[in-house]
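Report on the following structure.
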Amino acid sequence: MSTTASQVLRDDLRAFAGYQSARKSQQQGHIFLNANESPFASDDWTREQWRHYPSQQPLALIERLAALYGCAKEQLLATRGSDEAIDVLVRAFCEPGGSAIVTAPPVFGMYAVCAKLHGTRVVEIPAQDKANGWHSDLPKMVAATREAGASLMFVCSPGNPTGEGVHAEALRGAARALQGHALLVVDAAYAEFQDEVSAQCLLAEFDNVVILRTLSKAHALAAARIGVAIASPEIIQILSRVQAPYPLAAPAVEAALTALSEAQVTANAGQVAMVRESREQLQDELRQLACVRKVYPSQGNFSLVRFADAQAAFDALLTAGIVVRDFRATPGLENALRITVGTPEQNALVILSLAALGDS
Ligand SMILES: *Cc1c(COP(=O)(O)O)cnc(C)c1O
């Protein structure tokens, strides 16, 4: 094997098969006494199927997700939210207590959390705060990845909290430069809200790209905890050996299948279009407020906003019952809040609540 994944895979996991659950057994019986499940269903007989452990990757869900994301079943791993995908990536490809990952802060915190819990170093190449928005420096990140011998380079696009949309060309350059060295993980949790189509086309060209998607944001299903990693079948195989044996609870899978009906997906696309429109309107209105210093362009369903007095802005919103994400503890974002796009009524209330604040 000479693929990038096989080069980056932990040495001690090369022969590791993962937990051999009862559910994986290929026996063709109809009375299953191999998993210590209860022989009796709960009183609610509609829940008879919940008596058994679920399969690690329930076929109906995998087929639906593969259709939704336009990839082959073998290219997709369903995970307990994309949070689990991040964790499994770190555990499969970084040596415990060693190796490194590369990120571009300010960025989603779970990459660093998973790395820290694994004893893996986090190399940070800060994104640059430019007049036209945030820019992750991918060539510099690539250089740092190769220099540190890092296994994973995380690019969040659309960026949370920056709103940055990294162009496919920049991602392509990074994937190429990392071949044989590291995996490029593109966290596309907000891809539905983006102008440019997703980075998934890179999968056809490179063996070292992993795309993360989730049902938590655009699909309004955060409580079901379902995300996916999309990558080469080889990478998916490796990740499934590291993943928990029964990560997806049956009620969550059922909820997801209901929420992913053709009709729901169509309705959902309409809502995403509305959020994108509202985002632009909200940004225009925010920019006209005296208390606002800067509104970053955003490819997500949120805006990162700098205020003259972030505390006053936070308090004014809270007085109206509106809770936004406070980023003041993040270096470089001491005067910033992240505001998710709400319903038109909620957005109007945001503007109204901030309108009375002054410019200092
Ligand atoms: C919300 C979010 C996730 C986590 O999604 P889950 O699927 O709910 O775990 C991953 N990445 C980014 C950038 C996010 O903002």
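Read the figures in this text as sums done on the coordinates, not as results from a lab. In this text, all values refer to a predicted model and were calculated from it rather than measured experimentally. A quick note on method: Cβ atoms are made from the backbone with ideal geometry, for glycine too, and the neighbour counts reach across all protein chains shown.
Observations, loosely collected:
- Length gained when the stretch Ala41-Arg293 is fully extended (0.36 nm per residue, less Cα-Cα span): 84.8 nm
- Cβ-based net charge around Glu192, under 10 Å, with every Lys or Arg adding one and every Asp or Glu removing one: +3
- Ranking Ser157, Gln200, Gln179 by how far each Cα lies toward the positive end of the dipole of segment 153-206 (charges on Cβ) leaves Gln179 at the top.
- Note on segment 230-360: Kirkwood hydrodynamic radius from all Cα pairs is 17.5 Å, rounded to one decimal.
- Square roots of 5 times each gyration tensor eigenvalue, C-alpha, segment 138-198, largest first, Å: 22, 11, 9
- Coordinate range along principal axes, alpha carbons of segment 172-278, Å, largest first: 42, 38, 19
- Centroid-to-centroid separation of segment 116-138 and segment 282-360 [C-alpha atoms, Å]: 23
- Principal-axis analysis of the Cα atoms of the chain puts helix 310-319 at an angle of about 80° to the longest axis.
- Calculated on alpha-carbon atoms, Rg and Dmax of segment 118-249 in Å: 15.1, 47
- The chain - percent relative contact order, Cα under 8 Å, separation 6 or more: 17
- Put in line by how crowded their Cβ is, counting other Cβ atoms within 10 Å and starting with the fewest, Met274, Met110 read Met274, Met110.
- Magnitude of the charge dipole, segment 207-270, Cβ model with Lys/Arg +1 and Asp/Glu -1, debye to 20: 200
- A simple packing score, the average count of other Cβ atoms within 10 Å per residue, orders the peptides 315-321, 279-285, 33-39, 335-341 as 335-341, 279-285, 315-321, 33-39, with the highest score first.
- The residues packed around Leu317, meaning those with a beta-carbon under 13 Å from its beta-carbon, carry a net charge of -1 if Lys and Arg are +1 and Asp and Glu are -1.
- Secondary-structure-derived ellipticity at 222 nm for the chain, considering helices only, amounts to -11000 deg cm²/dmol, per-run term -39500 (n - 2.57) for DSSP H runs with n ≥ 4.
- Taken one residue at a time, the phi angles of segment 81-91 give Karplus couplings (6.51, -1.76, 1.60, θ = phi - 60°) of x, 5, 3, 5, 4, 4, 4, 5, 4, 5, 6 Hz. Gly and Pro are set to x.
- Residues whose amide H comes within less than 5 Å of that of Arg293, counting only those at least five positions distant or on another chain, are Arg306, Phe307, Ala308 (H built at 1.01 Å from N in the peptide plane).
- Convex hull volume per residue for segment 1-88, taking Cα atoms only, in Å³: 178
- Taking Asp195, Asp187 and counting other C-beta atoms within 10 Å, the order from fewest to most: Asp195, Asp187
- Relative to the longest principal axis of the Cα atoms of the chain, the long axis of helix 250-259 lies at roughly 60 degrees.
- Tilt relative to the chain, helix 138-148 - C-alpha long axis, 0 to 90 degrees, to 10: 50
- Rounded to the nearest 20 debye, dipole of segment 1-102 from Cβ charges on Lys, Arg, Asp, Glu: 200
- In segment 112-228, the DSSP beta bridges split such that about 35 percent are antiparallel, to the nearest 5.
- Between the listed residues Phe32, Val323, Thr266, the Cα displaced farthest toward the positive end of the dipole of the chain, a dipole computed from Cβ unit charges relative to the Cα centre, is found at Phe32.
- In segment 222-280, Rg over Rh equals 1.10, where Rg is the alpha-carbon radius of gyration and Rh the Kirkwood radius from pairwise Cα distances.
- Assigned charges on the beta-carbon of Lys, Arg, Asp, Glu; segment 168-296 dipole about Cα centre (debye): 420
- Ordering Cys156, Cys201 from the fewest to the most neighbouring beta carbons within 10 Å gives Cys201, Cys156.
- Counting only DSSP beta bridges whose two residues both lie in the chain, roughly 60 percent are antiparallel.
- Share of alpha-carbon pairs per 10 Å distance bin for the chain, given as whole %: 5, 23, 29, 24, 14, 5, 1, 0
- Relative contact order of segment 73-126, pairs being alpha-carbon contacts under 8 Å that are 6 or more residues apart, as %: 38
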